[in-house]
1. Let me spell out the model: positive unit charges on the Cβ of Lys and Arg, negative unit charges on the Cβ of Asp and Glu, origin at the Cα centre of segment B:149-210. What dipole size does that give, in debye rounded to 20?
2. Using Cβ contacts closer than 10 Å as the measure, can you line up A:Ser165, A:Ser19, B:Ser151, B:Ser78 from fewest to most?
3. For chain A, what does the helix formula give at 222 nm: sum of -39500 (n - 2.57) over DSSP H segments with n ≥ 4, over the residue count, nearest 500 deg cm²/dmol?
4. Local charge sum around A:Asp97 (other residues, Cβ-Cβ under 12 Å, Lys/Arg +1, Asp/Glu -1)?
5. Given labels modelled 7 Å from the Cα in the Cβ direction, how far is it in nm from B:Ile79 to A:Lys153?
6. How well do other chains shield peptide B:176-184, expressed as the mean number of their Cβ atoms within 10 Å of each residue Cβ?
7. Could you tell me the relative contact order of chain B? Use alpha-carbon pairs under 8 Å, at least six residues apart, and round to a whole percent.
8. Quick check on the protein assembly as shown: of the DSSP beta bridges with both residues there, what percent are antiparallel, nearest 5%?
Amino acid sequence: MSKSLAKTGIPSIEELEKSPGFPSKERMMNRPVAVIECIQKIPCDPCQLVCPFGAIKVNILIALPELNEEICTGCGSCIAYCPGLAIFVVDYTFSEDNVLISFPYEYLPLPEVGSIVDATDRMCKVITKGKIVKVLERKSFDHTAVISIAVPKNFIYEVRGITISKGEGCI
Amino acid sequence: MAIVGSGPAGLAAALEATNAGAKVLLIDENANVGGQLLKQTHKFFGSSKRYAGIRGIDIGNKMLQELDKNHVEISLTSIVFQIFGKELLILKNEKIQRVKTKKIIYSCGASEKVINFPGWTLPGVMGAGGAQTLVNVHRVSPGNRILMIGSGNVGLVVSYQLIQAGADVVAVIEALPKIGGYGVHASKICRAGVPILTSHKIKEAYGNGKVEAATIVALDKKWQPILNTERTLKVDVICLAVGLKPKIELPLMSGCKTVHSPTLGGRVPIHDENMETTEKGIYVAGDIAGVEEVDTAIEEGRLAGIASAEKLGYISEDKAKDLKIEVRKILGDLRSGPFGEHRERAKKQLIQIGKSSRQRLL
Amino acid sequence: MRIVKHPILGPLELKKNINIIVDDKIIKAYEGEPIASALIAAGITTFHKTKKRGDPRGYFCGIGLCTDCMMIVDGIRNVRTCITPVRGGMRIETQKDG
């Protein structure tokens with residue numbers, strides 16, 4: 001299936017790498033860094049305001065967010081703030097074998113810290129298993145939890161979520 | 001002045017007008033203020049200087065809190081059913097009230113469009129907005145397995161909200177060859193396992209007394225079904241997210257002239273750059289003036305509130321000019337980019353017609 | 001089905017439980033909710049039948065515009081159940097002739 005954001009909802013790696021919010025491969029394998037997967041011009045700019053280091057620039061309201069990968073520390077403040085849930089943080093230095101991928105999550109139930117779960121790609125295809133390292137909930141996140149999952153390093157470009165248990169919200 | 005409809009546009013108009021000191025009656029047929037905001041559980045886009053990053057349900061509360069500081073009369077469960085010039089007849093609690101006013105702002109919003117297909121009348125087929133009301137306002141799930149028809153922002157966002165409520169959205173289908181709504185909304189539901197099938201339509205819905213299954217089919221470049229691409233999906237709910245159209249009954253009753261604009265959702269009341277219609281003293285704001293977004297509804301509401309308060313003498317010409325410039329700049333920004341430019345063009349044409357009708361009347 | 005837990009809206013607020021009578025069956029409802037939502041929560045999907053063919057009709061727009069949800073409520077016909085709140089002891093019947 002050809003992946004393209006406009007046709008399927010799934011951005012291709014080529015589309016992502018061209019965008020100013022996507023860090024370079026070298027930077028991603030260095031220290032923690034934000035990965036902004038926002039590649040369409042829409043009127044939106046809260047990510048610029050939330051970064052405590054000023055690493056995100058949205059020059060005019062419809063401009064694509066630009067990430068200054070040198071300034072970015074991968075603190076993750078931006079993850080819960082993006083209304084499009086389009087920002088992630090990757091930490092390639094997490095351990096010898098694993099990368100830590102942090103993503104926004106607005107479903108119930110939240111996974112348990114320490115549990116081994118199915119890690120999924122942008123199509124929700126299960127591509128590996130991962131360990132839930134952190135589940136962050138803060139009042140300032142306004143009901144958007146930030147989950148951090150450790151997966152083998154080669155999945156750094158692909159893992160962006162976990163499987164969702166359906167039917168958990170109902171009686 | 002009377003403001004009919006207390007959604008984002010009506011609330012914003014009431015805020016600007018009462019800030020200036022005008023006497024406002026805010027009317028709504030529902031039991032609650034807020035209109036569409038009451039159902040929007042997701043975080044909004046737009047400018048961080050305005051309401052970006054805040055959930056729709058909280059924007060409504062914020063605006064109400066601001067409005068509480070000013071004096072505004074609110075009349076709920078009130079149906080405006082007749083207009084004579086600037087006099088409104090309102091049905092409330094089985095009693096009729098007559099309200100005389102100097103200015104009217106219609107901010108009644110829009111209603112859902114439908115598409116017809118065999119089986120579309122079966123219980124289980126519902127508007128996407130209707131499903132959203134059930135889930136986010138009444139906390140009831142419409143069903144377990146859902147087919148969403150339409151990939152505009154409503155289809156994508158309601159699909160997300162149905163998954164949050166525990167339902168399984170089996171697919172989103174879209175007749176066009178590309179997704180109608182924002183890519184980030186689409187990506188969110190793809191990450192939740194919902195396939196978005198462009199160039200697909202629904203062939204038929206069937207079941208014994210209610211929806212039990214639906215057949216979908218792929219379309220070629222000429223919108224014709226492609227042989228052997230039919231698939232039957234086991235679903236108990238089919239949501240129609242096929243567009244909205246302005247609710248123009250009251251402007252029509254007032255004699256406001258309308259024009260057909262497919263970009264803006266259908267027949268829209270002609271208005272000028274101050275949101276004033278072809279009937280002097282009657283304004284429109286929000287989806288009733290063309291289907292757009294909540295943030296444009298808020299700015300149009302502000303514009304109508306400022307312009308009508310100015311005409312009533314509550315805001316000086318100079319102050320109103322500055323305020324309007326600020327609001328129109330925000331509107332321009334919100335209507336820029338690939339998703340907004342068609343609406344920007346359509347609105348410009350609408351305002352041009354509005355301006356020239358005013359000149360003709362003079 | 002009632003959405004008891006929700007990631008954004010939080011836990012369902014416990015409202016007063018009341019009983020309504022739908023086609024002679026007792027159905028539980030929450031005070032103040034629209035009739036239609038209590039019925040859908042109870043798994044009822046047909047609200048009325050058309051006059052000519054007796055085809056079932058149910059919830060559609062949810063905001064009182066389309067009239068697909070109409071039922072006989074306390075003897076009154078054509079009541080839009082999606083915007084009419086329940087009351088304890090309310091009698092609701094499937095409108096079977098249009």
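A short reminder: the numbers here are calculations on the coordinates, not readings from a lab. Given the structure is predicted, the values throughout are model-derived calculations rather than measurements. FYI the Cβ positions are ideal-geometry reconstructions off the backbone, even for glycines, and counts take in every protein chain you see.
1. Charge dipole, segment B:149-210, about its Cα centre: 60 debye, nearest 20.
2. A:Ser165, A:Ser19, B:Ser78, B:Ser151
3. -2000 deg cm²/dmol
4. +1
5. Inter-label distance under the simple model: 6.9 nm.
6. 6
7. It rounds to 18 percent for chain B.
8. 70 percent
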